[in-house]
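Step one of this worksheet: look at the structure below.
The values are calculated or read from the model by the stated rules, or taken from the named source; none is laboratory data. Being a predicted model, the structure only gives us computed values, none of them experimental. Cβ placement follows ideal geometry from the backbone for every residue including glycine, while neighbour counts extend to all protein chains displayed.
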Amino acid sequence: MLSRQEISGILRNKDKGKARSLFAEADRLRRQYTGDDVHLRGIIEFSNHCRQDCLYCGLRRSNKNLIRYRMPPKEILSVSKSARRADIRTVVLQSGEDPQYNIGEFCGLIGKIKKLDVAVTVCIGECSYADYRRLKEAGADRYLLKFETSDAVLYKKFRPGNTLSRRLECLAWLKKLKFQVGSGIMVGLPGQTFESIAGDILIFEKLGLDMIGIGPFIPHPDTPLAGSKRIDLGTVLKVVAITRMVTGNAHIPATTAVGSIDAVGREKALQAGANVVMPDLTPARYRRYYDIYPGKICVGEDAEECLPCLYRRIQSIGRRVSVTRGDSLKL
Ligand code: 5AD
Ligand code: SF4
């Protein structure tokens, strides 16, 4: 097992040849643990309302330049049906921490989506233990909650009013409730060090996560972090590769954020340890308002255009699209 020092050493090293061997090794391990199938998780960004004020995020409540929307449950169900018809076997229901969300109504929706025989992943932020339990009882299979950074000081600074310990407590609850749990971080936050990222990777392993999402921090013009330095793709890919080496059979998505800083960023991530892609199924008319960071790919498109493009990209690197639910390999 790599030590924190070894990991930060790899991240700091600028040698391109060494980086290429790292990606090749991660790719080999990815094939050994997960095979050549790429799992698709269809994301429905159903509400961009958020009561939080994270300094990095365009959905933060202080961003008054953003038009807010909330999709009606009926429409979320109809998008889920089209996902199933397109052989997408996981639906990710994602939103900001919407103050008006109604847990009872949401659980009813989950029950209906589950009848389509798809896995349901919920990604709506921090909730009470009781609410997480209701989601599980309603049939939700998985939960995504990134801890973003394991540097407690940075965490508090970037997520005012919140603490890392509370975040980790939520993750422990989700585990206890037997969700398949996904988490992850952003790479390149101002003030984040290689040591801190190395610590994040070791925590992925310690938490026994089923899925780990790693994306670059992309400065948003309507946030206090506008004008921050941008991280290079190579560093993000190294974090993906080391995460594969450290966590073995975790599911690792080639994130949309990686695809947004490089035209073939997702393909490169899929060749550096990743085995999952998360196509955006949000109807086109809402998409541009789920404005977490600038330059998000596929914003002008609908799922009908996105999916064929994604299939081509996956096949172009000699991989197959899975038609299974792609449950955790750690169960
Ligand atoms: N750049 C990249 N990713 C971001 N997120 C939020 N803001 C940004 C940004 N500026 C990610 C976080 C969060 C999710 C909603 O989006 O990881 O979990
Ligand atoms: Fe809200 Fe999540 Fe954005 Fe924070 S990162 S402002 S919780 S949507």
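The table below gives the values:
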read-out	value
Residue in the stretch 28-49 that is among the polar types (S, T, N, Q) and either modelled with pLDDT under 95 or in contact with an Asp or Glu (Cβ under 9 Å, 6 or more places away or on another chain) (or both) present	yes
Condition check for residue 150: of a type in the set (Gly, Ala, Ser), within 16 Å of ligand 1 (Cβ to nearest atom) and closer than 24 Å to residue 203 by Cα	yes
Enumeration of residues in the stretch 259-297 that are more than 20 Å from residue 70 (Cα to Cα), surrounded by fewer than 23 Cβ atoms within 10 Å (Cβ to Cβ) and of a type outside the set (A, V, I, L, M)	260, 262, 265, 267, 268, 271, 294, 295
Considering residues of the stretch 56-80 that are within 9 Å of ligand 2 (Cβ to nearest atom) and of a type in the set (A, V, I, L, M, F, W, C) only, the residue surrounded by the fewest Cβ atoms within 10 Å (Cβ to Cβ)	57
Flag for residue 190 being part of a loop (DSSP other than H, G, I, E, B), without any contact (Cβ under 8 Å) to a residue 40 or more places away in the chain and either of a type in the set (A, V, I, L, M, F, W, C) or surrounded by fewer than 21 Cβ atoms within 10 Å (Cβ to Cβ) (or both)	yes
Members of the stretch 9-57 found to be within 14 Å of ligand 1 (Cβ to nearest atom), out of contact with any strand residue (DSSP E or B) (no Cβ under 9 Å at 6 or more places or on another chain) and not hydrophobic (A, V, I, L, M, F, W, C), listed by number	51, 52, 53
Qualifying residue in the stretch 200-218 (condition: in contact with a His (Cβ under 6 Å, 6 or more places away or on another chain) and either within 14 Å of ligand 1 (Cβ to nearest atom) or at pLDDT 95 or above (or both))	yes
Any hit, the stretch 99-112, residues being within 16 Å of ligand 2 (Cβ to nearest atom), touching a strand residue (DSSP E or B) at 6+ places or on another chain (Cβ under 9 Å) and in contact (Cβ under 8 Å) with a residue 12 or more places away in the chain	yes
Residue match in the stretch 27-45 (condition: in a loop (DSSP other than H, G, I, E, B), more than 9 Å from ligand 2 (Cβ to nearest atom), out of contact with any helix residue (DSSP H, G or I) (no Cβ under 6 Å at 6 or more places or on another chain) and over 24 Å from residue 217 (Cα atoms))	yes
Any hit, the stretch 81-91, residues being surrounded by 14 or more Cβ atoms within 10 Å (Cβ to Cβ) and in a strand (DSSP E or B)	yes
Residue within the stretch 166-182 that is within 15 Å of ligand 2 (Cβ to nearest atom) and polar (S, T, N, Q) present	no
Candidate set: the stretch 113-131, residues that are part of a loop (DSSP other than H, G, I, E, B) and under 24 Å from residue 323 (Cβ atoms); chosen: the one nearest to ligand 2 (Cβ to nearest atom)	118
Pick from the stretch 159-181, criterion aliphatic (A, V, I, L, M) and either buried (at least 20 other Cβ atoms within 10 Å of the Cβ) or under 14 Å from residue 149 (Cβ atoms) (or both), ranking: nearest to the chain's Cα centre (by Cα)	181
Evaluation of residue 225 against (1) within 10 Å of ligand 1 (Cβ to nearest atom); (2) of a type outside the set (Phe, Trp, Tyr); (3) within 16 Å of residue 330 (Cα to Cα) (one fails), failing number	(3)
Criterion (away from ligand 2 (no atom under 16 Å from the Cβ), under 28 Å from residue 233 (Cα atoms) and surrounded by 16 or more Cβ atoms within 10 Å (Cβ to Cβ)) met by exactly one of 140, 198	198
Residue satisfying all of: in the stretch 69-116; small (Gly, Ala, Ser) and within 16 Å of ligand 1 (Cβ to nearest atom); nearest to residue 159 (Cα to Cα) among these	96
Count - residues of the stretch 217-243 that are over 15 Å from residue 55 (Cα atoms) and either within 15 Å of ligand 2 (Cβ to nearest atom) or over 18 Å from the mean Cα position of the chain (by Cα) (or both)	3
